[in-house]
Amino acid sequence: MTADRVPRLGESTVIAPGYRADDFLTGLAARWDVPLSKPRLIDAPRGRKVWHISGGVPRDGERQLAISGVPTEQGDIITFSCMVKADRAKAGAFLEDCTDTGIPGWDGKGAAAWIRTAKQQVDALYAEQNRQVVSSLYVSAGAHALLLRSGPTPESVGTYTLTVAGGGLAESP
């Protein structure tokens with residue numbers, strides 16, 4: 001669907017108690033050679049502050065691959081995202097690895113099938129619409145995932161961004 005039809009998402013919550021940033025994100029970063037920063041406090045909407053961890057692999061001044069997450073102060077993950085350039089070799093494999101989360105109760109096989117289908121769907125719609133598009137939601141174990149394909153600029157071919165978050169589901173527009 002086009003980005004203007006994305007379901008409204010409410011406030012995110014911890015994906016699962018004990019599901020920690022230093023477990024999943026560190027392992028993912030190690031597998032893909034992405035250096036991660038230490039968690040730091042950053043400004044968020046509505047005057048709030050949140051913890052944030054991120055890292056990326058640059059090439060020619062652009063991030064080719066990136067991982068970020070918002071953990072609680074104790075390290076439990078609230079949300080995380082994986083970004084990859086659309087033309088990068090193994091972009092699909094990276095996105096699939098990002099869905100292999102280890103979230104307690106998460107249907108990993110279902111998530112892997114969903115990301116393959118979601119990628120095909122956003123690619124087809126993106127080619128037709130030539131603007132930012134998003135997939136349908138994947139929901140499992142109290143968490144949800146969404147794949148976004150953003151558009152090219154004169155300097156870029158565009159990117160995929162997979163976001164996984166706890167709670168926060170609301171009705172469709």
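Answer with yes or no whether Val57 is over 15 Å from the mean Cα position of the chain (by Cα), over 30 Å from Lys90 (Cβ atoms) and at pLDDT 80 or above. The answer is no for Val57. Filtered by the rule that a residue be under 15 Å from the mean Cα position of the chain (by Cα) and in a strand (DSSP E or B), the range 71-91 gives Pro71, Ile77, Ile78, Thr79, Phe80, Ser81, Cys82, Met83, Val84, Lys85.
Across the range 86-120, the number of residues qualifying as closer than 22 Å to Gly151 by Cα, of a type outside the set (Gly, Ala, Ser) and open to solvent by 10 Å² or more (accessible area, probe 1.4 Å) comes to 9. Taking only the range 92-118 into account, find how many residues are part of a loop (DSSP other than H, G, I, E, B) and under 16 Å from Phe80 (Cα atoms). The total comes to 6. Is it true that Thr26 is open to solvent by 30 Å² or more (accessible area, probe 1.4 Å), under 20 Å from Ala165 (Cβ atoms) and at pLDDT below 95? In short, yes. Working only within the range 121-145, note down all residues that are on the phi < 0 side of the Ramachandran plot, among the aliphatic types (A, V, I, L, M) and open to solvent by 30 Å² or more (accessible area, probe 1.4 Å). Once the filter is applied, which keeps residues that are on the phi < 0 side of the Ramachandran plot, among the aliphatic types (A, V, I, L, M) and open to solvent by 30 Å² or more (accessible area, probe 1.4 Å), the range 121-145 yields Ala124, Leu125, Ala127, Leu137, Val139. Across the range 62-85, the number of residues qualifying as open to solvent by 30 Å² or more (accessible area, probe 1.4 Å) and among the basic types (Lys, Arg) comes to 1. Per the listing Ser68, Ser54, the residue uniquely free of Cβ contacts under 8 Å to residues at least 24 places away in the same chain, in a strand (DSSP E or B) and within 17 Å of Ala143 (Cβ to Cβ) is Ser68.
Just wondering, is there one or more residues in the range 133-156 that are in a helix (DSSP H, G or I), out of contact with any strand residue (DSSP E or B) (no Cβ under 8 Å at 6 or more places or on another chain) and without any contact (Cβ under 8 Å) to a residue 60 or more places away in the chain? Looking through the range 133-156, none of the residues is in a helix (DSSP H, G or I), out of contact with any strand residue (DSSP E or B) (no Cβ under 8 Å at 6 or more places or on another chain) and without any contact (Cβ under 8 Å) to a residue 60 or more places away in the chain.
The values are calculated or read from the model by the stated rules, or taken from the named source; none is laboratory data. Since we're looking at a predicted model, the values are computed, not measured. Cβ coordinates were reconstructed from backbone atoms using ideal geometry, including for glycine residues, and neighbour counts include every protein chain displayed. Areas reflect the complete protein model, heavy atoms only, side chains present, ligands, DNA and RNA absent. Shrake-Rupley method; radii C 1.70, N 1.55, O 1.52, S 1.80 Å.
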